[in-house]
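Comments concern the structure below.
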Amino acid sequence: MDELRRAGATAAAIAADHLASIADRPVWRPVPEAERGWLSGQELPETGRPLDDLLEDARAHVLPYPMGNGHPRFFGWVNSPPSPAGVLVEPLAAAFNPSCAGGDHAGPHLERAVVRWLADLVGFPHPPGGGLLTSGASMATIICLATARQRAALADGWDAREEGLAGRPPMIMYVTEEGHSCLHKAAQLLGLGARHVRTVPVDGAYRMDVGALRAMIAQDVAAGLRPFCVAGSAGTVNSGAIDPLGEIADVAAEHGLWFHVDGAYGALGVLADGAAPRYEGLDRADSLALDPHKWLGVPVGCGCALLRDPAAARAAFSLVPSYLIDDQAGDLGWFAEYGPEQTRPFRALKTWATMSHLGRSGITRLVNHTSGLARTLGDLVTRADDFELLAPVTTSITAFRYRPRSDGLDALNRAIPLAVQERGNAFLTGTRLGGRDALRACFLHPDTTEDDLTVLLDEIRLAAKSL
Ligand SMILES: Cc1ncc(COP(=O)(O)O)c(C=O)c1O
């Protein structure tokens, strides 16, 4: 253990140096060919190597080539910097190394607390046992939709787990084209069939057209199909749009549909000043996916599935073999009964540390700061002659495009993200929005400043010149 103690101090110093110097280094740079070869081509050593050597390799070959998301001018996808408190306790979680499948040890008890905190923060109802931490929102979505599928089957007098789906009317799910791909992946994985996921049109602000939703449900019912779930977004990845959740909740209630909300990125946006009315109806959902590893900055990976009726999730997943029976488990049983994972990592520690370190006020400050940056970028873009705002700014994402001329804008905007990334001074990613190639910047970093926004726009101009 002396070797671990000594090397551990070095590792802590390396981590602190890395975080302290991030802003002075390129946001991102391509991994040179030789380094790629070193990273991917090495052989398993025949004899073990000392811990210090491993740290030296990590310092020389790993840390110089980050994805970029620790940098205050990283605006790509939805990837936050790591919270300092999360970084601090990750080695403790590894040293402790429990499986949080269940049982009477610190991990599962702490997980109960952080799941309750997450639900309370965003105003989602939280009965005891109403949620669990996951690898991310993709897994949370699988849990929520599997629960919805089994509830629909049981309501119709059959059991999807026992029988499979063959011979039953197709179950239909509704989601807009702005809905995240994880909703489609989950539907496919659960055997629903991609063709049974309906694409509901959106309005000019990329929010679900609820009139169209109603019409599609009526058509599917008339065709003898089984509408079972509508998935709304509380913060789409393209533009940060929030669907009209209250209206969707009405439709779901009228038709007995499961109402799922993808709040993986945006649910925390409800904390921003004046934002609450846009989230009206979130508390009426049956399930909510909310990722601590996005806006909160909990080190990857940590998602969360929140469920209004924990018993429904247990009915969809519980399978306790004789070697796992725990007579001490209490009414809620084990976390492993609420999802597909058996051995579960100690995700609660880094989530607890991050949330405790920030406190409710710190989390609210972070959400306000980053949402404000997105609005400010929206204003800068609107005022500039050579940029165009493509969607209202409602969370911490700004969707826009570069428009220095009137033709060839799709090709230009498609090429800009990589050209900006390669310059190393900022990082943004692109998308397609309303049939056009677009740029989007997502703000999650507490240290991003308004000056960084000006740098971003100038970087786009300079990068475009080189194309
Ligand atoms: C809105 C939204 N939903 C779902 C997901 C999927 O989450 P994860 O990557 O944690 O599985 C993402 C990921 O960026 C997202 O932004």
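The values are calculated or read from the model by the stated rules, or taken from the named source; none is laboratory data. Here the structure is a predicted model, which is why all the values come from computation and not from measurement. Ideal geometry is used to build each Cβ from the backbone, glycine not excepted, and the neighbour counts take in all protein chains shown.
The table below lists the values:
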item	result
Subset of segment 417-455 (residues that are of a type in the set (Val, Ile, Thr) and either in contact (Cβ under 8 Å) with a residue 60 or more places away in the chain or surrounded by fewer than 22 Cβ atoms within 10 Å (Cβ to Cβ) (or both))	Thr429, Thr431, Thr448, Thr449, Thr454, Val455
Among residues of segment 83-116, those that are assigned by TED's automatic domain parsing to the domain that holds Tyr323, among the polar types (S, T, N, Q) and on the phi < 0 side of the Ramachandran plot, counted	1
Inter-residue pairs, beta-carbon under 6 Å, first touching a residue at least 40 places away in the same chain (Cβ under 8 Å) and in segment 159-188, second more than 12 Å from the ligand (Cβ to nearest atom) and among the hydroxyl-bearing types (Ser, Thr, Tyr), 6+ apart	Glu178/Tyr206
From Ala160, Ala146, residue being assigned by TED's automatic domain parsing to the domain that holds His255 and within 14 Å of Cys229 (Cα to Cα)	Ala146
Condition met for Thr141 (among the polar types (S, T, N, Q), within 16 Å of the ligand (Cβ to nearest atom) and farther than 21 Å from Arg314 by Cβ)	no
The lone exception for Phe400 - which of (1) of a type in the set (A, V, I, L, M, F, W, C); (2) in a helix (DSSP H, G or I); (3) under 30 Å from Ala463 (Cβ atoms) it fails	(2)
Checking Gly193 against (1) within 15 Å of the ligand (Cβ to nearest atom); (2) at positive phi; (3) small (Gly, Ala, Ser), the condition it does not meet	(1)
Every residue from segment 219-258 that is more than 19 Å from the chain's Cα centre (by Cα) and among the polar types (S, T, N, Q)	Gln219
Test for Ala101: is it touching a Gly at 6+ places or on another chain (Cβ under 8 Å), surrounded by fewer than 24 Cβ atoms within 10 Å (Cβ to Cβ) and more than 30 Å from Ser239 (Cα to Cα)	no
Selection within segment 206-229 - among the aliphatic types (A, V, I, L, M) and more than 16 Å from the ligand (Cβ to nearest atom)	Val210, Ala212, Leu213, Ala215, Met216, Ile217, Ala218, Val221, Ala222, Ala223, Leu225
Unmet requirement for Gln342, which otherwise passes all of (1) assigned by TED's automatic domain parsing to the domain that holds Asp243; (2) assigned to a helix (DSSP H, G or I)	(2)
Every residue from segment 346-383 that is under 16 Å from Asp452 (Cα atoms) and aliphatic (A, V, I, L, M)	Leu373, Ala374, Leu377, Leu380, Val381
Every residue from segment 266-299 that is of a type in the set (Asp, Glu) and surrounded by fewer than 24 Cβ atoms within 10 Å (Cβ to Cβ)	Asp273, Glu280, Asp283, Asp286
Top-ranked residue of segment 269-292 - restricted to ones that are in a helix (DSSP H, G or I) and among the aliphatic types (A, V, I, L, M), ranked as farthest from the ligand (Cβ to nearest atom)	Ala276
Qualifying residue in segment 67-83 (condition: touching a Gly at 6+ places or on another chain (Cβ under 6 Å), surrounded by 14 or more Cβ atoms within 10 Å (Cβ to Cβ) and of a type in the set (Gly, Ala, Ser))	yes
In segment 9-36, residue farthest from Asp57 (Cα to Cα) [restricted to those that are among the hydrophobic types (A, V, I, L, M, F, W, C) and part of a loop (DSSP other than H, G, I, E, B)]	Val27
Counted residues, segment 117-166 - those being part of a helix (DSSP H, G or I) and small (Gly, Ala, Ser)	10
Members of segment 159-189 found to be surrounded by fewer than 19 Cβ atoms within 10 Å (Cβ to Cβ) and within 21 Å of the chain's Cα centre (by Cα), listed by number	Glu177, Ser181, His184, Lys185, Gln188, Leu189
Any hit, segment 309-316, residues being under 17 Å from Leu118 (Cα atoms), assigned to a helix (DSSP H, G or I) and either modelled with pLDDT of 95 or more or within 16 Å of the ligand (Cβ to nearest atom) (or both)	yes
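Results for (1) surrounded by 16 or more Cβ atoms within 10 Å (Cβ to Cβ); (2) more than 30 Å from Ala119 (Cβ to Cβ); (3) within 26 Å of the chain's Cα centre (by Cα), shown as yes or no for each residue.
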site: Leu358; (1), (2), (3): yes, no, yes
site: Gly362; (1), (2), (3): no, no, yes
site: Leu366; (1), (2), (3): yes, no, yes
site: His369; (1), (2), (3): yes, no, yes
site: Ala374; (1), (2), (3): yes, no, yes
site: Leu377; (1), (2), (3): yes, yes, yes
site: Asn413; (1), (2), (3): yes, yes, yes
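Here's the yes/no breakdown for (1) more than 19 Å from Met139 (Cβ to Cβ); (2) in contact (Cβ under 8 Å) with a residue 12 or more places away in the chain; (3) not acidic (Asp, Glu):
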site: Leu306; (1), (2), (3): no, yes, yes
site: Pro310; (1), (2), (3): no, yes, yes
site: Leu319; (1), (2), (3): no, yes, yes
site: Ser322; (1), (2), (3): yes, no, yes
site: Phe335; (1), (2), (3): no, yes, yes
site: Tyr338; (1), (2), (3): no, yes, yes
site: Thr343; (1), (2), (3): no, yes, yes
site: Arg347; (1), (2), (3): no, yes, yes
site: Met355; (1), (2), (3): yes, yes, yes
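For (1) of a type in the set (Gly, Ala, Ser); (2) within 16 Å of the ligand (Cβ to nearest atom); (3) in contact with a Leu (Cβ under 8 Å, 6 or more places away or on another chain), each residue gets a yes or a no:
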position: Glu177; (1), (2), (3): no, yes, no
position: His180; (1), (2), (3): no, yes, no
position: Ala187; (1), (2), (3): yes, yes, yes
position: Asp203; (1), (2), (3): no, no, no
position: Ser239; (1), (2), (3): yes, yes, yes
